[in-house]
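The values are calculated or read from the model by the stated rules, or taken from the named source; none is laboratory data. Everything numeric here is computed off the predicted structure, so don't read it as measured data. A quick note on method: Cβ atoms are made from the backbone with ideal geometry, for glycine too, and the neighbour counts reach across all protein chains shown.
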Ligand code: CUA
């Protein structure tokens, strides 16, 4: 009678496909949403196929002699099998052919994903920080440029050029459904590009361990039709709207008198800190703390009062405010659309 503990590995193995199905919405490179990502997924499936085949053949070659030896173990006159040709073919020639095939497939994939077919019209500078992403849209004239954080919008079907750098330690920019990875290395700028062929929001991750909150260094890539993308650009480019009511006017004053102003910029006000994310249009963003929590008035209040509870080790300090000041600040931040 098997005990519960002896059954559990089998149960776990049987549950694996269910777990995999539950993760189907996760940002899997095997669910590509762009042509370069499709090339990478094809290479991935080929590698899994080849590795599985090699594993099964090796397992078979291991089991067959073991079985034969069991039948002949009592006979002292049976010498161990010695077949130099087999060793040469299975041990050197076949692995060499497989590795050369994998190498050629990898080079072809790298070549197919290295540069876009048409010249990108848009250029974004992405800078990794512990632990968030600074996103700067480059424009031919400086009035068209703007900075945001942890959220990239791109027009669907259009390649977008990226220049990826780091403000501190090594990070790696990865949006699994759209492209391969590119490292963000201190003192170096790496050129890259992304494209999305389907409208949607794609989760990106930091793919290089960069400290305690490496896991909370996500970003969202929002791919939308060109008209919506351009409307988003217009909104983001504009300075923050002036507060129109007394509560949010007081909220701006709270912002300026609290430590917020030392680290954050709100364009259109005299808040010009560069340590933390630009907050000019914070109310339009999907998450706070680079994917740590969804962006709602409730989480915003929690984030301001005690960001360390959501993201221990981040640079965001606890901001001590009385209830009235907090309500005013939240009302003001909510106007930053
Ligand atoms: Cu940044 Cu890991």
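List of remarks:
- So residue 261, is it outside any loop (DSSP other than H, G, I, E, B) and touching a helix residue (DSSP H, G or I) at 6+ places or on another chain (Cβ under 6 Å): no
- Counting only residues that are modelled with pLDDT of 80 or more and either surrounded by 10 or more Cβ atoms within 10 Å (Cβ to Cβ) or not assigned by TED's automatic domain parsing to the domain that holds residue 41 (or both), region 66-96 holds 11 of them.
- Restricting region 183-200 to residues that are surrounded by fewer than 20 Cβ atoms within 10 Å (Cβ to Cβ) and within 14 Å of the ligand (Cβ to nearest atom), the residue that is farthest from the chain's Cα centre (by Cα) is 186.
- Residue within region 99-106 that is in contact (Cβ under 8 Å) with a residue 24 or more places away in the chain, under 23 Å from residue 28 (Cα atoms) and touching a strand residue (DSSP E or B) at 6+ places or on another chain (Cβ under 8 Å) present: no
Residues are listed down the side, and each one gets a yes or a no for (1) under 30 Å from residue 328 (Cβ atoms); (2) assigned by TED's automatic domain parsing to the domain that holds residue 139; (3) over 16 Å from the mean Cα position of the chain (by Cα):
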| site | (1), (2), (3) |
| --- | --- |
| 203 | no, yes, no |
| 208 | no, yes, no |
| 212 | no, yes, yes |
| 216 | yes, yes, no |
| 232 | yes, yes, yes |
| 259 | yes, no, yes |
| 264 | yes, no, yes |
| 268 | yes, no, yes |
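- Conditions (1) modelled with pLDDT of 95 or more; (2) touching a helix residue (DSSP H, G or I) at 6+ places or on another chain (Cβ under 8 Å): number failed by residue 243: (1)
- Within region 282-299, the residues that satisfy the criterion of being surrounded by 15 or more Cβ atoms within 10 Å (Cβ to Cβ) and over 22 Å from residue 238 (Cα atoms) are 289, 290, 291, 292, 293, 299.
- Flag for residue 135 being within 22 Å of residue 225 (Cα to Cα), away from the ligand (no atom under 16 Å from the Cβ) and in contact with a strand residue (DSSP E or B) (Cβ under 6 Å, 6 or more places away or on another chain): no
- Qualifying residue in region 278-295 (condition: under 22 Å from the mean Cα position of the chain (by Cα) and without any contact (Cβ under 8 Å) to a residue 12 or more places away in the chain): yes
- Residues that are surrounded by fewer than 17 Cβ atoms within 10 Å (Cβ to Cβ) and more than 12 Å from the ligand (Cβ to nearest atom), drawn from region 204-230: 225, 226, 227, 228, 230
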